[in-house]
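K.L.:
The structure follows.
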Amino acid sequence: MECSPAGGSNTTKGLHIGLNVDAVDNGDRPIKKNPDGNFTYAFWVSPNMRLVPANEVIDPATGKEVPDKWLKASYWNNKDLTTQQVDTATDYRLVLRVRNTDVTSSRFNLKMEACVSDLNASAPGMDYAILQDPDSTTNKKKVSFTLDLLHGNSEVPSYDPANPDDPGKMAVLVGKEIWRPMASQLKYNNGHVCLVANVWDEGSSGSEQQLLASEPDGGQSGAYILPFCDRRHGQRNLNIVARKVGATETRNVLVAVPASDRCPLEGEVALKAVELQQDEPQLVGLATRLGLNNHHCPPHKNPMEGVTIDDHGDPSHELGICLRPGQQLRVPLTVAPYDGEKPGDVYAFDMITKEESNNSVYGAARFYVMVTA
């Protein structure tokens with residue numbers, strides 16, 4: 001999938017919810033590619049989007065904001081690998097952390113549209129949003145989020161390029177909707193979900209425009225979210241796999257083509273190891289949350305021997321696909337043990353869907369695996 005000016009590409013300054021809040025991603029779009037045609041960094045793992053327990057945003061007993069958690073921009077730091085897994089006993093709110101890559105103008109009058117979808121390696125968009133009632137034959141409304149008025153009035157100051165990670169120059173946006181998942185909404189991956197969002201501002205200096213026209217049912221059928229083209233778009237397709245030594249975990253990852261597309265998707269779904277650095281703060285935090293005293297990063301080739309996708313009954317590292325518009329395919333992913341594994345081993349990989357015609361990324365999801373006792 002490629003960028004086009006009509007799709008909002010070449011947006012370089014203003015509200016930004018995309019990738020790491022540091023100098024690696026300065027908001028310039030499109031994201032550059034290396035000589036092999038791969039993006040220089042992964043657009044599908046924004047650390048600035050979360051579904052969090054509602055009581056970590058608003059205290060239900062007092063109705064007041066909880067000031068020292070997700071509403072505090074600095075609280076987000078080093079929490080990239082907070083598990084994005086929901087359950088049917090908890091109320092959730094959507095929170096986004098945004099910054100302003102414009103060095104001259106603040107941003108006001110903020111707006112947001114977002115949805116939660118099943119774990120997928122499809123083109124990011126609203127087509128795959130989880131339905132409010134999957135069992136209904138008449139209600140096709142989707143689980144979606146818009147911004148509450150209080151946080152829509154926030155100011156996002158212009159930022160200092162010398163200190164792009166300054167939380168004082170960021171704002172946290174909160175969805176006004178509260179979502180308590182139903183079992184029928186979580187039947188494929190036991191509560192492991194993904195997020196896509198679009199933010200914009202209205203009526204301020206350097207004003208931007210809404211990019212996606214919302215439909216009456218709360219969805220945006222046929223509309224893409226393109227984080228690699230537009231800095232106002234964000235996607236979080238990230239899954240934490242906590243796997244006991246010797247055990248096997250499975251996921252069913254959605255690959256699909258919006259019904260509004262005019263062309264089929266011919267391409268390949270493949271696995272690619274992600275290089276990790278020992279003692280990264282997010283890995284230390286992940287190990288601590290899973291009750292481990294330490295962690296270690298084994299060589300890529302060892303754990304990837306146990307990671308496969310189903311190719312018509314055979315385990316493989318790639319799968320050829322041809323999907324018509326509107327067609328959906330759930331690709332079984334298996335994360336099995338490998339020789340010599342031990343508690344604390346942590347490794348990561350991407351499941352990437354590429355188009356055959358131009359070898360570009362159509363969609364992707366990232367998986368972090370932590371071996372536990």
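K.L.:
Could you please tell me which pairs satisfy a Cβ distance under 7 Å, a separation of 6+ or placement on different chains, a first residue in the range 83-97 that is closer than 17 Å to L173 by Cβ, and a second residue that is open to solvent by less than 30 Å² (accessible area, probe 1.4 Å) and assigned to a loop (DSSP other than H, G, I, E, B)?
P.N.:
Close Cβ pairs satisfying both conditions: Y92/V86; R93/V57; V95/V57; V95/W70; L96/I17; L96/N48; R97/N48.
K.L.:
How about the range 49-98: which of its residues are assigned to a loop (DSSP other than H, G, I, E, B), under 20 Å from the mean Cα position of the chain (by Cα) and of a type in the set (S, T, N, Q)?
P.N.:
Of everything in the range 49-98, those that are assigned to a loop (DSSP other than H, G, I, E, B), under 20 Å from the mean Cα position of the chain (by Cα) and of a type in the set (S, T, N, Q) turn out to be N77, N78, T82, T83, Q84.
K.L.:
Which is under 30 Å from Y128 (Cβ atoms), out of contact with any strand residue (DSSP E or B) (no Cβ under 8 Å at 6 or more places or on another chain) and either open to solvent by 60 Å² or more (accessible area, probe 1.4 Å) or part of a strand (DSSP E or B) (or both), of N359, N293? Outline the logic, then answer.
P.N.:
Values: N293 fails: under 30 Å from Y128 (Cβ atoms).
Result: N359 is the single residue among N359, N293 that is under 30 Å from Y128 (Cβ atoms), out of contact with any strand residue (DSSP E or B) (no Cβ under 8 Å at 6 or more places or on another chain) and either open to solvent by 60 Å² or more (accessible area, probe 1.4 Å) or part of a strand (DSSP E or B) (or both).
K.L.:
Just the residues that are open to solvent by 20 Å² or more (accessible area, probe 1.4 Å), of a type in the set (A, V, I, L, M) and either closer than 18 Å to G326 by Cβ or in a strand (DSSP E or B) (or both), please, taken from the range 224-250.
P.N.:
Matches in the range 224-250: A242 only.
K.L.:
Could I ask something else about it? Given (1) open to solvent by 10 Å² or more (accessible area, probe 1.4 Å); (2) in contact with a Gly (Cβ under 8 Å, 6 or more places away or on another chain), identify the lone condition not met by A54.
P.N.:
(2)
K.L.:
What pairs can you find where one residue is in the range 263-281 and closer than 30 Å to G326 by Cα and modelled with pLDDT of 95 or more, the other is outside any strand (DSSP E or B) and of a type in the set (K, R), and their Cβ atoms are less than 6 Å apart, with a gap of 6+ or different chains?
P.N.:
none
K.L.:
When residues of the range 79-94 are filtered for being loosely packed, with under 15 Cβ neighbours inside 10 Å and in contact with an Asp or Glu (Cβ under 9 Å, 6 or more places away or on another chain), how many remain?
P.N.:
The number of residues fulfilling the criteria is 0.
K.L.:
Could you tell me whether V284 is assigned to a strand (DSSP E or B), β-branched (V, I, T) and under 23 Å from the mean Cα position of the chain (by Cα)?
P.N.:
Working: assigned to a strand (DSSP E or B): no; β-branched (V, I, T): yes; under 23 Å from the mean Cα position of the chain (by Cα): yes.
When the stated conditions are applied, V284 does not pass them.
K.L.:
Take the conditions at pLDDT below 80 and touching a helix residue (DSSP H, G or I) at 6+ places or on another chain (Cβ under 8 Å) and apply them to T88. Does it pass? Explain how you work it out, then say what you get.
P.N.:
Numbers: at pLDDT below 80: no; touching a helix residue (DSSP H, G or I) at 6+ places or on another chain (Cβ under 8 Å): yes.
Here the answer is no, as T88 does not meet what is asked.
K.L.:
Looking at the range 110-118, is at least one residue farther than 30 Å from R324 by Cβ, part of a strand (DSSP E or B), basic (K, R) and open to solvent by less than 70 Å² (accessible area, probe 1.4 Å)? Give the derivation first.
P.N.:
Residues of the range 110-118 that are farther than 30 Å from R324 by Cβ, as a first pass: 110-112.
Applying the additional criterion that residues be part of a strand (DSSP E or B) yields 110-112.
Narrowing the set further to residues that are basic (K, R) leaves 111.
Still in the running and open to solvent by less than 70 Å² (accessible area, probe 1.4 Å): none.
No, every residue in the range 110-118 fails to be farther than 30 Å from R324 by Cβ, part of a strand (DSSP E or B), basic (K, R) and open to solvent by less than 70 Å² (accessible area, probe 1.4 Å).
K.L.:
List pairs: first in the range 98-110 and under 9 Å from L15 (Cα atoms) and touching a residue at least 12 places away in the same chain (Cβ under 8 Å), second among the basic types (K, R) and outside any strand (DSSP E or B), Cβ under 6 Å, 6+ apart or cross-chain?
P.N.:
T101/K13; D102/K13
K.L.:
Now a separate question. Of these, P124, P161, P167, which one is surrounded by 15 or more Cβ atoms within 10 Å (Cβ to Cβ), more than 17 Å from R232 (Cβ to Cβ) and either of a type in the set (A, V, I, L, M) or in contact (Cβ under 8 Å) with a residue 24 or more places away in the chain (or both)?
P.N.:
Values: P124 fails: more than 17 Å from R232 (Cβ to Cβ); P161 fails: surrounded by 15 or more Cβ atoms within 10 Å (Cβ to Cβ).
The match here is P167.
K.L.:
When you look at S74, is it under 18 Å from M49 (Cβ atoms), of a type outside the set (K, R) and open to solvent by 20 Å² or more (accessible area, probe 1.4 Å), yes or no? Before the answer, list the steps.
P.N.:
Details: under 18 Å from M49 (Cβ atoms): yes; of a type outside the set (K, R): yes; open to solvent by 20 Å² or more (accessible area, probe 1.4 Å): yes.
The answer is yes for S74.
K.L.:
Go through (1) outside any loop (DSSP other than H, G, I, E, B); (2) open to solvent by less than 30 Å² (accessible area, probe 1.4 Å); (3) touching an Asp or Glu at 6+ places or on another chain (Cβ under 8 Å) for V253 and report which single condition fails.
P.N.:
Unmet for V253, out of (1) outside any loop (DSSP other than H, G, I, E, B); (2) open to solvent by less than 30 Å² (accessible area, probe 1.4 Å); (3) touching an Asp or Glu at 6+ places or on another chain (Cβ under 8 Å): (3).
K.L.:
Quick test of your reading of the structure: N189 fulfils all but one of (1) on the phi < 0 side of the Ramachandran plot; (2) more than 19 Å from the chain's Cα centre (by Cα); (3) at pLDDT below 90; (4) not charged (D, E, K, R). Name the failing condition by number.
P.N.:
With (1) on the phi < 0 side of the Ramachandran plot; (2) more than 19 Å from the chain's Cα centre (by Cα); (3) at pLDDT below 90; (4) not charged (D, E, K, R) applied to N189, the lone miss is (2).
K.L.:
Which condition number in (1) open to solvent by 70 Å² or more (accessible area, probe 1.4 Å); (2) without any contact (Cβ under 8 Å) to a residue 60 or more places away in the chain is the one that S316 fails?
P.N.:
Going through (1) open to solvent by 70 Å² or more (accessible area, probe 1.4 Å); (2) without any contact (Cβ under 8 Å) to a residue 60 or more places away in the chain one by one, S316 breaks only (1).
The values are calculated or read from the model by the stated rules, or taken from the named source; none is laboratory data. No experiment lies behind these values; they were computed from the predicted model shown. For neighbour counting, all protein chains shown are included, and Cβ atoms are generated from backbone atoms with ideal geometry for every residue, glycine included. The accessibility values were calculated without ligands, DNA or RNA, using every heavy atom of the protein model including side chains. Shrake-Rupley method; radii C 1.70, N 1.55, O 1.52, S 1.80 Å.
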